[in-house]
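A.B. asks: My questions will all concern the structure given below.
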There are 2 protein chains.
Amino acid sequence: MFSKSTEYALRATIYIAQKSSEQNKLGINAIAAAIDSPLSFTAKIMQLLSRGNRVVSSVRGPNGGFFMTEKAMKLPVRSVLDQMGEDEVLEKCILGLNKCSESKPCPMHAEYRQIKLDMIRLFETKTIEQLAADLKEGEVYIGNKNK
Amino acid sequence: MFSKSTEYALRATIYIAQKSSEQNKLGINAIAAAIDSPLSFTAKIMQLLSRGNRVVSSVRGPNGGFFMTEKAMKLPVRSVLDQMGEDEVLEKCILGLNKCSESKPCPMHAEYRQIKLDMIRLFETKTIEQLAADLKEGEVYIGNKNK
DNA sequence: CTAATTAAAGATAAATTTATCTTTAATTAG
DNA sequence: CTAATTAAAGATAAATTTATCTTTAATTAG
Ligand code: FES
Ligand code: FES
């Protein structure tokens, strides 16, 4: 479905939303360890994810790190896709035609249509904050280690 | 969602199902032109797709080419994924955890669960033949050119 | 101001996917 | 049997994605 970059970005965002605040920032080491992702690659992804401080915010220097504002946590999960430049990914034709449309549909379009709409609705209505809350409950996992 | 290889494989299969028969085989040129895919790459994909003659069948030499048996056309679309070695793709965790499961779910699992089941059901119940029938009606497109 | 700390930026590298091209094998028509 | 035709197999190459490493810039504590 998503690229590794986007997967890590989603996991990192949810983790930061749950663990950090402007007073308590998270370093890249803590993030990569928690979401079980390659350190340097995750650092690269965090650059994209925090660019413009729209979704995740970052500060350099001692006591610096990554965090999210209360406002950013209320954004839909889709914002992470947008920030990563993957905003088209949910709209694509499942058979790879250049464009998914009602007027020139592929053979799977009619059946796939509702699934696609459900997917878009999920990403547009669910907020980062809501996912972070589930993580806080401890009933859900963000890495493979399940420490 | 799928790799380019799998997208071309799905499109090629549906096209072959609609246009070919054991008496009327399709050459690789005709297939690539119809589904609007790169010729040589498609040839490679057709090798995988026809290996074992499970989904698509192939015959070499004059009047050779690709075709599908009546029986193969009744297979679920999922068989194409299996044949391409992409049989795990529908089962994956949307956040990229090693394993999607009820016992160690990711933060999106609960909401994604139904979408995933819908997707699996679509690929397991819809047959290649059914998709080909829609294509025959001309209400549906398998390439970008829409000739 | 200086040293320490942290992310940003940039340069590469490794791995994978996508794509192309050439040679071989099978099959058929004549 | 021979020539023609077609896919299979194999060797590369190009492009993209994933990953790593080094240098730079920002920021803070002292
Ligand atoms: S056109 Fe293929 S999914 Fe909509
Ligand atoms: S565990 Fe992530 S989708 Fe099931």
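A.B. asks: Identify all residues within region B:7-31 that are surrounded by fewer than 21 Cβ atoms within 10 Å (Cβ to Cβ) and β-branched (Val, Ile, Thr); write none if there are none.
C.D. replies: Residue satisfying the conditions is B:28 alone.
A.B. asks: What number of residues within region A:109-121 satisfy the criterion of being within 23 Å of residue B:145 (Cβ to Cβ), of a type in the set (A, V, I, L, M, F, W, C) and crowded, with 19+ Cβ neighbours inside 10 Å?
C.D. replies: Number of matching residues: 0.
Conditions tested, residue by residue: (1) in contact with a helix residue (DSSP H, G or I) (Cβ under 8 Å, 6 or more places away or on another chain); (2) without any contact (Cβ under 8 Å) to a residue 40 or more places away in the chain; (3) part of a helix (DSSP H, G or I); (4) facing another protein chain (nearest Cβ under 8 Å).
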site: A:110; (1), (2), (3), (4): yes, yes, yes, yes
site: A:114; (1), (2), (3), (4): yes, yes, yes, yes
site: A:129; (1), (2), (3), (4): yes, no, yes, no
site: A:135; (1), (2), (3), (4): yes, no, yes, yes
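A.B. asks: If I go through region A:116-126 residue by residue, how many of them are touching a helix residue (DSSP H, G or I) at 6+ places or on another chain (Cβ under 7 Å) and within 30 Å of residue A:21 (Cβ to Cβ)?
C.D. replies: Qualifying residue count for the region: 4.
A.B. asks: Pull out all pairs, ordered by first then second residue, where Cβ-Cβ is under 7 Å, the residues are six or more apart or on different chains, the first lies in region A:22-40 and is under 20 Å from residue A:6 (Cβ atoms), and the second is among the polar types (S, T, N, Q) and surrounded by 12 or more Cβ atoms within 10 Å (Cβ to Cβ).
C.D. replies: Filtered contacts from region A:22-40: A:26/A:20; A:28/A:42; A:31/A:42; A:32/A:42; A:36/A:144; A:39/A:29.
A.B. asks: Taking region A:101-121 as the search range and keeping residues that are among the charged types (D, E, K, R) and away from ligand 1 (no atom under 11 Å from the Cβ), which one is nearest to residue B:114 (Cα to Cα)? Please lay out each step first, then the result.
C.D. replies: From region A:101-121, those among the charged types (D, E, K, R) are A:102, A:104, A:111, A:113, A:116, A:118, A:121; that's our starting set.
If we keep only those that are away from ligand 1 (no atom under 11 Å from the Cβ) too, we end up with A:118, A:121.
On the way: A:118: 9, A:121: 13 Å.
Restricting to residues being among the charged types (D, E, K, R) and away from ligand 1 (no atom under 11 Å from the Cβ), the top hit is A:118.
A.B. asks: Regarding residue A:125, is this residue of a type in the set (Val, Ile, Thr) and closer than 17 Å to residue B:108 by Cβ?
C.D. replies: yes
A.B. asks: With within 16 Å of ligand 2 (Cβ to nearest atom) and open to solvent by 30 Å² or more (accessible area, probe 1.4 Å) as the only criterion, which of A:137, A:70, A:86, A:124 stands out? Explain how you work it out, then say what you get.
C.D. replies: Numbers: A:70 fails: within 16 Å of ligand 2 (Cβ to nearest atom); A:86 fails: within 16 Å of ligand 2 (Cβ to nearest atom); A:124 fails: within 16 Å of ligand 2 (Cβ to nearest atom).
That would be A:137, the only listed residue that is within 16 Å of ligand 2 (Cβ to nearest atom) and open to solvent by 30 Å² or more (accessible area, probe 1.4 Å).
A.B. asks: Moving on. Could you list all residues from region B:95-107 that are more than 16 Å from DNA strand C (Cβ to nearest atom) and out of contact with any Leu (no Cβ under 6 Å at 6 or more places or on another chain)? Step through it out loud before you land on a result.
C.D. replies: Initial filter on region B:95-107 (more than 16 Å from DNA strand C (Cβ to nearest atom)): B:95, B:97, B:99-107.
Result: B:97, B:99, B:100, B:101, B:102, B:103, B:104, B:105.
A.B. asks: Also, quick follow-up: What's the total number of residues in region B:84-108 that are over 27 Å from residue A:145 (Cα atoms) and either of a type in the set (Ser, Thr, Tyr) or facing another protein chain (nearest Cβ under 10 Å) (or both)?
C.D. replies: Selection size over region B:84-108: 0.
Matching residues to (1) under 30 Å from residue B:128 (Cβ atoms); (2) surrounded by 16 or more Cβ atoms within 10 Å (Cβ to Cβ); (3) more than 13 Å from the chain's Cα centre (by Cα):
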site	(1), (2), (3)
A:50	no, yes, no
A:95	yes, yes, yes
A:132	no, yes, no
A:146	no, no, yes
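A.B. asks: Condition check: open to solvent by less than 10 Å² (accessible area, probe 1.4 Å), β-branched (Val, Ile, Thr) and closer than 22 Å to residue A:36 by Cα. Does residue B:45 satisfy that? Write out each step before concluding.
C.D. replies: Values: open to solvent by less than 10 Å² (accessible area, probe 1.4 Å): yes; β-branched (Val, Ile, Thr): yes; closer than 22 Å to residue A:36 by Cα: no.
So residue B:45 does not fit the description; no.
The values are calculated or read from the model by the stated rules, or taken from the named source; none is laboratory data. Keep in mind it's a predicted model, so treat the numbers as computed, not measured. Virtual Cβ from ideal backbone geometry, glycine too; neighbours counted across all protein chains shown. To get the accessible areas, we keep the full protein, side chains included, count just its heavy atoms, and leave off ligands, DNA and RNA. Shrake-Rupley method; radii C 1.70, N 1.55, O 1.52, S 1.80 Å.
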